[in-house]
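Engineer: For reference, the structure I am asking about is given below.
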Amino acid sequence: QLQLQASGPGLLKPSETLSLTCSFSGGSIATGSYYGAWIRQSPGGGLEWIGSVYYSGTTYFKPSLNSRASISIDTSKNRFSLTLTSVTAADTAVYYCARENWAEGWFDPWGQGTPVTVSS
Amino acid sequence: QPALAQPAAVSGSPGQSITISCTGTSDDVGGNDHVSWYQQHPGEAPKLIIYDVANRPSGVSYRLSGSKSGNTASLTISGLQAEDEADYFCGSYTTNGMRVFGSGTQVTVL
């Protein structure tokens, strides 16, 4: 059974770069129409899709984050990573990684999220 | 802010049925049949409970059902139980290939 786990630094200062890694086990996201995705949940509770990566390295991002976000994948190490530059307090959230069915737009399973706080 | 509108809170007594709405536009909910729903208990990650408007993944209770009419999708929980108390989010594919989520609904079992 596929399991994912996000990890990364919990605290950053404004203007720094956020780097998160999603490690997965018990299966693969690099098959068929599945992608690896990053989603975040703000303190107010809402979910926001950040972007997704295919095993080939093809990526898609939410337009408003496109200039700051990048996602890479290393299938040999069963992990994919998110980089978000020039963070601000608005980037404070719990960050989740998930497997996405790209053709149908659903996310399952989700990893246990990692909290990120941006504060000076 | 979230692209899809949901009621902030819905409540019901055990055994009752409740319905949560998810309203978007013709660019998302109304433009395709790829609406999904997620259940999130406190301190946990969201869990997929409905995909493609009305399909339940294996292991999800038959008491949860989804539907859609126009730009509004709905999640109905029948025979409400204490374990159904959680936050629920809808999600949709968009016509330009992006993904959007709803604002979330807190379900309380009275």
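Every read-out reported here was derived from the displayed coordinates using simple, explicitly stated rules and does not represent laboratory data. This one's a predicted model, so the numbers in the text were calculated from it and none came from an experiment. Cβ sites come from the backbone with ideal geometry, for glycine too, and all protein chains shown count toward neighbours.
Engineer: Using the crude model of +1 on Lys and Arg Cβ and -1 on Asp and Glu Cβ, and no other charge, please compute the dipole size for the range B:1-86 relative to its Cα centre, in debye to 20.
Structural biologist: Dipole of the range B:1-86, to the nearest 20 debye: 160 debye.
Engineer: Determine the sum of side-chain charges near B:Gln40: Lys and Arg each +1, Asp and Glu each -1, restricted to other residues whose C-beta is under 9 angstrom from that of B:Gln40.
Structural biologist: Details: positive: B:Lys47; negative: B:Glu44, B:Asp87.
Around B:Gln40, the surrounding residues sum to -1.
Engineer: Where a ≥ b ≥ c are the square roots of the eigenvalues of the C-alpha gyration tensor, would you call chain B rounded, which needs a/c under 1.5, or, failing that, prolate if a/b is larger than b/c, or oblate?
Structural biologist: Values: a/c = 1.75, a/b = 1.65, b/c = 1.06.
Prolate shape, in that a/c is at least 1.5 and a/b is the bigger ratio.
Engineer: I need the calculated FRET efficiency for the pair A:Ser56 and B:Glu83, taking r as the beta carbon distance and R₀ as 41 Å, to the nearest 0.05.
Structural biologist: Values: r = 40 Å, r/R0 = 0.98.
Plugging the Cβ-Cβ distance into 1/(1 + (r/R0)^6) gives 0.50.
Engineer: How much net charge surrounds A:Ala98 when only the other residues with a Cβ under 12 Å from the Cβ of A:Ala98 are counted, with Lys and Arg +1 and Asp and Glu -1?
Structural biologist: With Lys, Arg at +1 and Asp, Glu at -1, the neighbours total +2.
Engineer: To continue, here is another question. Between the range B:1-77 and the range A:70-118, how many Å separate their Cα centres?
Structural biologist: 22 Å
Engineer: Continuing with the same structure: Add +1 for every Lys or Arg and -1 for every Asp or Glu among the other residues with Cβ under 15 Å from the Cβ of A:Tyr55, and state the total.
Structural biologist: Residues close to A:Tyr55 contribute a combined charge of +1.
Engineer: Return an integer: the convex hull volume of the alpha-carbon atoms of the protein assembly as shown, in Å³ per residue.
Structural biologist: With only Cα atoms used, the protein assembly as shown gives 113 Å³ per residue.
Engineer: Let me ask another. What's the center-to-center distance, using Cα atoms, between the range B:78-110 and the range A:1-63 in Å?
Structural biologist: Here the answer is 20 Å between Cα centres.
Engineer: In peptide B:29-36, how many Cβ atoms from other protein chains are near each Cβ within 10 Å, on average?
Structural biologist: Numbers: counts 0, 0, 0, 2, 1, 5, 3, 6.
Taking the mean over all residues of the peptide, I get 2.
Engineer: Using label points projected 7 Å from each Cα along Cα→Cβ, tell me how many nm separate B:Thr76 and B:Leu110, to one decimal.
Structural biologist: Rounded to a tenth, the inter-label distance reads 2.0 nm.
Engineer: What FRET efficiency would be calculated for the residue pair B:Tyr62, A:Gln3, taking the C-beta separation as r and a Förster radius of 22 Å, to the nearest 0.05?
Structural biologist: Efficiency at R0 = 22 Å is approximately 0.25.
Engineer: Let me ask something additional. I'd like to compare B:52-61, B:23-32: which one has the highest average count of other Cβ atoms within 10 Å, and what's the full order after that?
Structural biologist: Put in order of decreasing packing, that is B:23-32, B:52-61.
Engineer: Moving to a separate point now. If you average the sequence gap of Cα pairs under 8 Å that are 6 or more apart and divide by the length of the range A:24-93, what percent do you get for the contact order?
Structural biologist: 27 percent
Engineer: Along the charge dipole of the protein assembly as shown, which of A:Ala90, B:Pro14, A:Pro9 sits closest to the positive end, that is, farthest toward it, with unit charges on the beta carbon of Lys, Arg, Asp and Glu (+1, +1, -1, -1)?
Structural biologist: Going by the Cα projections, it comes out as A:Pro9.
Engineer: Something else: Estimate the FRET efficiency between A:Lys77 and B:Asn55 by the formula 1/(1 + (r/R0)^6), using the beta-carbon distance for r and 30 Å for R0, to the nearest 0.05.
Structural biologist: For R0 = 30 Å, the calculated efficiency reads 0.35.
Engineer: In the range A:8-106, what GluC sites (Glu not before Pro) fall in a loop by DSSP, with at most 16 other Cβ atoms inside 10 Å?
Structural biologist: Passing both the DSSP loop test and the Cβ count: A:Glu16, A:Glu104.
Engineer: Now, a different point. For peptide B:85-95, compute the average count of partner chain beta-carbon atoms within 10 Å of each residue's beta-carbon.
Structural biologist: 2
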